[in-house]
Every structure is written in structure tokens, then in C-alpha cells.
1. In degrees between 0 and 90, to the nearest 10, how far off the longest principal axis of the chain does helix 3-24 point, with axes built from Cα atoms?
2. How far apart, in nm, are two points set 7 Å out from the Cα along the Cα-to-Cβ line at residue 245 and at residue 257?
3. Along Cα→Cβ, 7 Å out, is where each label goes; now give me the distance between the ones at residue 206 and residue 157 in nm to one decimal.
4. May I ask you to evaluate 6.51 cos²θ - 1.76 cosθ + 1.60, the Karplus curve with θ = phi - 60°, for each residue of the range 39-46 and list the ³J(HN,Hα) values in order in whole Hz, giving x for glycine and proline?
5. May I ask you to derive the FRET efficiency for residue 61 and residue 221 from their Cβ-Cβ distance with R0 = 56 Å, giving the value to the nearest 0.05?
6. Between 150, 85, 187, whose Cα lies farthest towards the positive end of the dipole of the chain when Lys and Arg beta carbons carry +1 and Asp and Glu beta carbons carry -1, centred on the Cα centre?
7. Check which residues have an amide H placed less than 5 Å from residue 69's amide H, if you skip close sequence neighbours.
8. Can you tell me which aspartates and glutamates have their Cα less than 15 Å from the Cα of residue 269? Leave out same-chain residues fewer than eight positions away.
Amino acid sequence: MDLTLIAVAVVVVAAAGVVGYRSAYQSLYSPSAFVVNYLDLLAGGRAADALQVPGVGIDSSDLEAAGVDVAASDALLRSTALAPLTDARVVNEESDGAVTRVSVEYQAGGHPGTTVFEVEQDGWIGFLPSWRFAKTPLAVVDLTVLGAMQFSVNGFTMDKRQVSAAGVDADPAAPVPLLVFTPGLYSISVDTSIAATPGVAVLADSPLTQLPIEVQAQPTESFVQVVQEKVDGFLTQCAQQQVLQPTSCPFGRFVQNRIDEPPTWSIVKMPQVTVLPSGANWIIPNTEGTAHIEVDVTMIADDTKEHLSEDVPFVINGTITILPDGRASIVVTGPDTR
């Protein structure tokens with residue numbers, strides 16, 4: 001056999017081997033392939049598997065070193081809290097010493113985004129390299145929800161007392177740190193009998209960063225109606241007191257002369273209340289109403305009699321505190337009677 005032909009054949013085989021190696025490396029064993037595999041897991045809703053990718057898991061020392069809350073909850077690191085992730089593609093890969101930065105574009109919940117991942121070699125698989133994230137792709141959403149203890153993230157419902165490090169003693173107005181995957185779109189909303197909000201969405205696109213988000217829930221119509229009924233009942237009870245100055249009530253009448261019979265009160269204009277947010281709770285702002293008094297009065301000076309029939313304007317306000325069991329404590333008060 002011609003030795004020249006054998007040499008050419010060997011070169012062709014070697015070249016094919018190099019091409020095959022390069023192809024396998026790029027598609028299966030490169031830093032970009034490593035990142036794409038992680039993104040495919042997220043796109044497939046496989047949160048548990050994504051957490052097992054080398055370098056994803058994180059401990060308190062990593063969080064502390066990055067300047068984020070070490071008490072962050074992992075409640076959102078689950079499939080049911082993931083939004084759709086599609087069209088992910090690598091747009092750049094560049095090495096800087098031991099770290100390779102992989103830039104990726106994608107659609108997260110329909111919103112375009114770009115994320116840069118840091119990858120480093122993690123040993124070998126035979127003669128091929130294996131990889132790990134040099135910086136975890138997890139981030140922390142520092143979530144403050146005002147006006148509600150319960151909220152939903154991407155449709156997954158939770159309670160502050162379940163995810164806060166303080167447990168049942170969680171401050172209703174304090175932020176709750178939550179670990180999330182990047183990239184990912186996270187939509188926060190409130191939908192309870194007391195409060196609701198159309199929702200706020202945030203794109204977590206920077207690994208190992210802390211994203212502050214504040215959501216202010218608004219009172220529902222049914223909640224405002226409950227407060228109105230509470231106010232109506234409070235004022236009705238005040239009007240049943242047959243004294244000039246009903247106890248703990250926002251209205252009254254001072255009479256210098258003598259009254260012959262106990263006065264009669266009625267409410268001729270009930271205050272139409274509104275409910276406004278106040279930190280983690282609610283207030284009833286100053287609202288006007290009108291009471292009416294009927295009473296016979298005897299003049300001390302000449303003993304003549306006079307019938308007093310008079311409208312008495314007043315102002316009410318109040319505070320509403322959400323109790324640990326979810327019920328509302330409504331306290332109606334008011335400034336001095338005008």
C-alpha cells in the first residue's frame with residue numbers, strides 16, 4: 001500500500017477527530033454548554049435539578065460576603081414559582097484568567113433580558129473539562145408587602161410568617177428576603193378579602209444581587225364595606241345614649257340650663273368612610289357626619305321652657321390593625337366635638 005495514502009488517511013482521521021472533539025466540546029462540555037444546560041432546566045420547570053448544578057447552591061457565608069441578607073428564604077426555589085423562560089441563547093463567551101463570562105439573551109415571562117454568568121473549571125471528565133458557577137446564579141428579592149401578610153409570587157401563595165426568620169413574630173412592615181433563580185421574572189400580587197393589588201413584576205437578571213421591591217396593597221370594596229358597617233354600628237350605639245355627652249363618642253352638646261328629660265340623639269348623616277394604607281395597617285381619615293339632638297330645656301334665670309332641636313356636626317377617624325389570625329381590629333375614634 002502507498003505510504004503516502006496511509007499518511008493522508010491518518011491526517012484525515014486525526015482532523016475528523018479534532019473536529020469531533022471541538023464539536024462535542026462546544027455543544028456539551030464548554031462553559032456556554034454548561035450555562036445552557038442550567039437554563040434548559042429552568043425553562044423545563046426543573047427547579048430541584050437546577051439547584052443541583054455545581055455552584056448554584058449557596059450558604060450563609062456566601063450571602064454575607066455578597067452583602068445580602070443571610071436569612072433569605074428558599075421558598076421560591078421551586079417549580080411552582082418559576083415563570084416561563086424561552087429563547088435563551090449565548091451571545092458571548094470570554095475568559096479572564098480562571099473565570100469565563102458567558103452572556104445570554106432570553107425571554108423571561110415574555111420580557112427580554114440579558115444575564116452574564118461567571119463559570120470556572122471544576123475538574124475533568126476523562127480528558128474533557130467540567131464546570132461550575134464561580135458565582136451562584138441565585139439572587140435575593142428583598143420584598144416588602146404593606147397592607148397584607150399573605151401574597152403571591154408567580155401564583156405561588158405564601159405568608160410572611162412562613163418565610164420570615166422571625167416566624168409568627170414577623171413584623172408586618174419589614175422586608176422579607178427571598179432567594180430566586182436568575183434569570184427569572186417574578187410577579188408579586190396580593191388578593192385577599194381585605195386587600196388586593198394588580199401586582200408588581202421584577203426581572204431578576206443579575207446573579208448574587210439584592211433587589212428591593214415594595215408592594216402597597218389597597219383595600220377591597222368588601223373590606224371598606226365592613227369598616228363602614230363598623231362605623232355605622234359604633235355611631236348607632238352612641239346615639240342610644242340619652243346623655244348630653246355620649247361616652248367615648250365623637251359628638252355631644254353642652255347645655256348651660258336644666259334639662260327636664262334625657263335627650264334623644266339620632267344620626268342624620270352617617271360618615272361615608274374611606275380606608276387608607278398606613279404602613280402595614282390602615283387608617284380611617286377624618287370624615288364628617290351629623291348627629292341630631294332633641295331635648296326640653298328649662299331656663300335657670302326665669303324658669304321658662306324651650307325645646308332644643310339641633311343638628312350637631314362631628315368628625316370621626318380610626319385605626320385598623322390586622323391581627324395575626326387575619327382578622328381586622330377596627331377602632332373608631334374622633335377629635336373633640338365641634
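The values are calculated or read from the model by the stated rules, or taken from the named source; none is laboratory data. Only a predicted model underlies this, so the values are computations on that prediction, with no experimental measurement involved. Neighbour counts run over all protein chains shown; Cβ positions are idealised from the backbone, glycine included. Please note that ligands, DNA and RNA were not included when accessible areas were found on the heavy atoms of the full protein model with its side chains. Shrake-Rupley method; radii C 1.70, N 1.55, O 1.52, S 1.80 Å.
1. Around 10 degrees separate the two axes.
2. Simple spin-label model gives 2.1 nm for this pair.
3. Result: 3.4 nm between the two label points.
4. Karplus-based 3J(HN,Hα) across the range 39-46 equals 5, 4, 5, 5, 4, x, x, 9 Hz.
5. Details: r = 48 Å, r/R0 = 0.87.
Computed FRET efficiency for residue 61 and residue 221: 0.70.
6. Going by the Cα projections, it comes out as 85.
7. Amide H to amide H, under 5 Å and 5 or more residues apart or across chains, residue 69 pairs with nothing.
8. Excluding near neighbours in sequence, the set is 229, 232, 288, 310, 311.
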